[in-house]
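*Asks:* One structure coming up, written as structure tokens, with questions to follow.
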Amino acid sequence: MSPAQQLRVLVVEDSKRVTERLRELLDEIPSVETVEAVESELEAVSLVSRAMPDVIILDLHLREGTGFGVLRSIYTARPRPIVVVLTNFALPQYRTQAEALGVEYFLDKSREYDRLPEILSDIATARLQHS
């Protein structure tokens with residue numbers, strides 16, 4: 001797969017251990033390129049406008065700021081990346097708020113982490129079919 005066809009993914013996660021696991025996971029998916037991994041709302045918002053990732057894997061609780069702040073900042077961005085929330089706080093009210101801000105996928109870190117490869121592969125396949 002050429003670099004232009006790869007799905008560009010930004011990881012927004014404040015846990016270094018989880019970030020390492022995500023990088024390892026993403027490296028195993030041939031259609032995915034990790035753009036960057038950042039820990040704060042400000043870094044994420046800045047990078048989205050510069051790097052224009054196709055997908056953001058977003059934690060809701062960050063070292064500085066929140067995932068909700070990131071979502072509000074990119075809500076009207078065009079093109080807007082697909083957002084996969086990956087959180088330990090998979091509360092119904094958080095899901096509702098995230099979906100209202102345009103989140104396509106909302107995953108519980110402890111129970112649904114293993115769904116990421118399939119989700120990203122599906123997004124990559126759909127992107128290729130529409131290009």
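*Asks:* What is the one condition in (1) assigned to a loop (DSSP other than H, G, I, E, B); (2) surrounded by fewer than 19 Cβ atoms within 10 Å (Cβ to Cβ); (3) not polar (S, T, N, Q) that residue 53 does not satisfy?
*Replies:* Residue 53 satisfies all of (1) assigned to a loop (DSSP other than H, G, I, E, B); (2) surrounded by fewer than 19 Cβ atoms within 10 Å (Cβ to Cβ); (3) not polar (S, T, N, Q) except (2).
*Asks:* Still on this structure, please answer the following. Could you tell me whether any residue of the range 81-98 is in contact with a helix residue (DSSP H, G or I) (Cβ under 7 Å, 6 or more places away or on another chain) and part of a loop (DSSP other than H, G, I, E, B)?
*Replies:* yes
*Asks:* Only residues that are surrounded by fewer than 19 Cβ atoms within 10 Å (Cβ to Cβ) and touching a residue at least 40 places away in the same chain (Cβ under 8 Å): list them for the range 56-93, please.
*Replies:* Scanning the range 56-93 gives 61, 63.
*Asks:* I've got another one for you. Restricting attention to the range 104-131, report how many residues are touching a helix residue (DSSP H, G or I) at 6+ places or on another chain (Cβ under 7 Å) and aliphatic (A, V, I, L, M).
*Replies:* Summing the residues that are touching a helix residue (DSSP H, G or I) at 6+ places or on another chain (Cβ under 7 Å) and aliphatic (A, V, I, L, M) in the range 104-131 gives 3.
*Asks:* Does residue 110 satisfy the criteria of being modelled with pLDDT under 95, more than 19 Å from residue 7 (Cα to Cα) and either surrounded by fewer than 16 Cβ atoms within 10 Å (Cβ to Cβ) or more than 13 Å from the chain's Cα centre (by Cα) (or both)? Don't jump to the end; show me each part of the working.
*Replies:* Numbers: modelled with pLDDT under 95: yes; more than 19 Å from residue 7 (Cα to Cα): yes; either surrounded by fewer than 16 Cβ atoms within 10 Å (Cβ to Cβ) or more than 13 Å from the chain's Cα centre (by Cα) (or both): yes.
So residue 110 fits the description; yes.
The values are calculated or read from the model by the stated rules, or taken from the named source; none is laboratory data. Every value quoted in this text rests on a predicted model; they were computed, and no experiment measured them. With ideal geometry, Cβ positions are generated from the backbone for all residues, glycine too; neighbour counts draw on all protein chains shown.
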